[in-house]
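Notes for the one structure printed next.
The values are calculated or read from the model by the stated rules, or taken from the named source; none is laboratory data. Computed from a predicted structure; not experimentally measured. Every residue, glycine as well, gets a Cβ built from its backbone with ideal geometry; the counts of neighbours run over all protein chains shown. Calculation scope for accessible area: heavy atoms of the full protein, side chains included, ligands and nucleic acids excluded. Shrake-Rupley method; radii C 1.70, N 1.55, O 1.52, S 1.80 Å.
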Amino acid sequence: MKSKVFTHFHGMMIMIIIMVLAGCGSRDVLNSKDTPTSGKIKVGVDDSYKLMMDAQLYTFQTIYKYTRIDTMVGPEADIIDAFMKDSLPLIIVNRKLTADEEQYLTDRQIIPKTTKIAYDALAFIVNNDNPDTNLFYDQIADIFYGRIIHWKQINPKKSERDSVKIVFDNYKSGNTRYLKEKFNLEKLPSSCFAVNNNAEVINFIEKNKNAIGVLSVNWISDQADSVSHGFLKRIKVVRISVPGDKNPETNFYSPHPGYIVQGDYPFTREVFCINRQTYSGLAYGFSAFIAGEKGQLIILRCGMVPASQPVRLVEIKQ
């Protein structure tokens, strides 16, 4: 009898040891505190950079197998609000925190770390049937000031007086805020309205020949990405002159990385990772990856200018 009890006890101990060892080998890091290369977090992403972040996440999680990064994708205002309420340890947006926002966090012993990762551009897009794909900067400004309301004012050869409509991704987005600040507007003109995201802007422009869409260049610049490349076939990208130049023979510039880095394209901005973790965790590791060599190459592929890697311009002579 004692022998059977001993044997049963011995067998149970072996099973327990095997389970413990198996548990150690599986590295259940998703239930433990995160490190720069392991663990689980949720990152807030301005919808303007969804496609770029999809590529970053795929690459990062392929390299670091013990990470899981979920995302909250939405308009800038919602992303920053969640960040301030401690729902997100890391966000990707196109503005820095305000002095009041930084002070709010500092009062709670949180020192946010802001890393510039890219230079971005706002693209203006039109319907494939719209012949007006070269616009003066001053014409764009006059649309937002309410001075231009019909396409005939842009192209006198047009017989119709169709109204110019401007469509944004969301009234709470960084795109909307950027242009209000750019033109010092308290509110947008009545010709402006919003849908829900950048993809819907493209859908709307495809079906409305009198509209101009406003979205991040990231959505239409990655030739290697089937989604971005597919969108580019459905619309036209407007080229814009430098401010103050009204010469019909002037150069018009597209939101191409080369024209962004040289300052020729007039609607550019910076993109940031902002981290509020108080320790060296996965938010730090992921933002460092985006700012590093691999992450910067992904940014360049996505039609933006890397913050820390040069863009090589090649002049082709005819």
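Some points to look at:
- Relative compactness, the stretch 119-269, computed as alpha-carbon Rg over 2.2 N^0.38 Å: 0.97
- The 1.4 Å probe gives accessible areas that order LEU51, LEU297, largest first, as LEU297, LEU51.
- In the stretch 148-199 the Cα-Cα distances spread across 5 Å bins starting at 0 as 5, 19, 22, 19, 16, 13, 6, 0 percent of all pairs.
- A Cβ-based charge dipole, computed about the Cα centre of the stretch 87-189 with Lys and Arg at +1 and Asp and Glu at -1, lands at about 60 debye.
- Each principal axis of the Cα cloud of the stretch 107-205 was evaluated for its coordinate range; sorted largest first, these ranges are 63, 27, 22 Å.
- Between ALA194 and PHE168, the built amide H atoms are under 5 Å apart, and every one of these is 5 or more places off in sequence or on another chain.
- Modelled spin labels at LYS207 and ILE63, positioned 7 Å past Cα toward Cβ, are 4.1 nm from each other.
- Considering only Cα atoms, the convex hull volume of the stretch 36-129 works out to 130 Å³ per residue.
- When the Cα convex hull of the stretch 182-288 is projected onto planes of every orientation, the mean area is 10.6 nm².
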